[in-house]
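See structure below.
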Amino acid sequence: MRIVFFGSPSFAVPTLEALRAAGHDVALVVSQPGKPVGRKAEITDPPVASLAKSLGMLVFQPPTLKDDAAFARLAEARADAFVVAAYGRILAQRVLDLPRLGCLNVHGSLLPRWRGASPVQASILAGDPITGVSIMRMEAGMDTGPVYTMRQTEIGDEEDSASLGSRLALLGADALIETLYFLEGEEGRAAIPQDDAVATYCPKISREDARVDWTRPAAELVRKSRAFTPWPGLFTTRRNTRVKLARLSLEVGRPGAREGAERPSPGTVLEAGARVVVACGEGAVAVATLQVEGRKALPAADFVRGERVTAGEIWGG
């Protein structure tokens, strides 16, 4: 099958690799333009563009798909299908109408749950026990199209967005190849409409979303730590300085966790020694790794010594 592939981050890489391994003709790879990275602000391609160029594939990285020049380039490819995996831009209806078999999207959730830009993070934040991938026929609406194929998987208790996203990327690649096999065969495969009445939505995540609100329950903050790893990572403030927090775990039996006991104010440091334990709105969390912005990440004990952290000080606010 002749295909134009749209993708940008690491999540999309297994799908591109699977298309090639299955023998499909990937006529063009469309990816986001490179962005400045690091202190030297070197322009760096997204993972999909980098892989495609290393393989000698044709790569197209327009700043927008809304102009006629970009549309003409996509039309010239004369693809049977467009495949989209975390490309990062919405496709206009005239683009969706180009390929004869339509546009397929590899989405990282069990639709209609978690339509939107951050399905992997949303499933961890919500405490979902199960998630998965959906291969959907794209429509003008945000992730509203009918679904050809689903694969589900359990979410591990310690799993973060990096590890879960990697697993879902492989599941999605496999499900896409199966879907294409049936679409080009004589048996075909019908797409099943989604139930809009039970749909949930997840927004694009910003760096500010990662600020810790210590009034929230400890269990929620632990899930947020997992969901926002590796990006953007949780942070709080201490003496007007931003401190990144990693590897949060639930602290059981602390005064702030017992019903009826005297509760310290949320954000109070309960323990500052070999560990850092902080009170939350309900319960408390232990933080394993801390990092003053612009400096090296340190284990809790080293951070306490170097920054002279004391029990009783209050973080955040």
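The values are calculated or read from the model by the stated rules, or taken from the named source; none is laboratory data. All of these numbers come straight from a predicted model, not from anything done at the bench. Positions of Cβ are generated from backbone atoms using ideal geometry, with glycine treated the same way; all protein chains shown enter the neighbour counts. The protein model used for the area step is the full one, side chains on, heavy atoms only, and it has no ligands, DNA or RNA in it. Shrake-Rupley method; radii C 1.70, N 1.55, O 1.52, S 1.80 Å.
Just need a number here: residues in the range 139-154 that are touching a strand residue (DSSP E or B) at 6+ places or on another chain (Cβ under 8 Å) and surrounded by fewer than 20 Cβ atoms within 10 Å (Cβ to Cβ).
Residues flagged as touching a strand residue (DSSP E or B) at 6+ places or on another chain (Cβ under 8 Å) and surrounded by fewer than 20 Cβ atoms within 10 Å (Cβ to Cβ) within the range 139-154 amount to 8.
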* Starting from the range 168-197, keep only residues that are at negative phi and at pLDDT 95 or above, then list their pairs with residues that are part of a helix (DSSP H, G or I) and among the hydrophobic types (A, V, I, L, M, F, W, C) whose Cβ atoms are within a distance under 6 Å, requiring at least 6 positions of separation or different chains. => 169/11; 173/18; 177/18
* Report the residue count in the range 165-210 for those that are assigned to a helix (DSSP H, G or I) and closer than 23 Å to residue 21 by Cα. => 20
* To do: State all residues of the range 163-191 that are of a type in the set (A, V, I, L, M) and open to solvent by less than 70 Å² (accessible area, probe 1.4 Å); if no residue qualifies, say none.
  => 164, 168, 169, 171, 173, 175, 176, 177, 180, 183, 191
* Asked: How many residues are in contact with an Asp or Glu (Cβ under 9 Å, 6 or more places away or on another chain) and among the hydroxyl-bearing types (Ser, Thr, Tyr) when one looks only at the range 237-248?
  -> 1
* Examine the range 292-308 for a residue that is surrounded by 18 or more Cβ atoms within 10 Å (Cβ to Cβ), touching a helix residue (DSSP H, G or I) at 6+ places or on another chain (Cβ under 8 Å) and not aromatic (Phe, Trp, Tyr), and state whether such a residue exists. => no
* Answer yes or no as to whether residue 236 is assigned to a helix (DSSP H, G or I) and open to solvent by less than 10 Å² (accessible area, probe 1.4 Å). => no
* Pair list, Cβ < 9 Å and 6+ apart or interchain, from the range 65-92 residues that are closer than 18 Å to residue 12 by Cβ to residues that are open to solvent by 50 Å² or more (accessible area, probe 1.4 Å) and acidic (Asp, Glu) -> 79/25; 81/184
* With respect to residue 227, determine if the residue is more than 16 Å from residue 314 (Cα to Cα) and open to solvent by 30 Å² or more (accessible area, probe 1.4 Å). => no
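Do you know which of the residues in the range 37-56 that are at pLDDT 95 or above and over 27 Å from residue 143 (Cβ atoms) is nearest to the chain's Cα centre (by Cα)?
44
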* Asked: Of all residues in the range 211-233, which are part of a strand (DSSP E or B) and either farther than 23 Å from residue 292 by Cα or β-branched (Val, Ile, Thr) (or both)?
  -> 217
* Asked: Looking at the range 251-260, is at least one residue part of a strand (DSSP E or B), in contact with a strand residue (DSSP E or B) (Cβ under 9 Å, 6 or more places away or on another chain), open to solvent by 30 Å² or more (accessible area, probe 1.4 Å) and not aliphatic (A, V, I, L, M)?
  -> no
* If you go through the range 192-210 one residue at a time, how many are of a type in the set (Ser, Thr, Tyr) and open to solvent by 40 Å² or more (accessible area, probe 1.4 Å)? -> 2
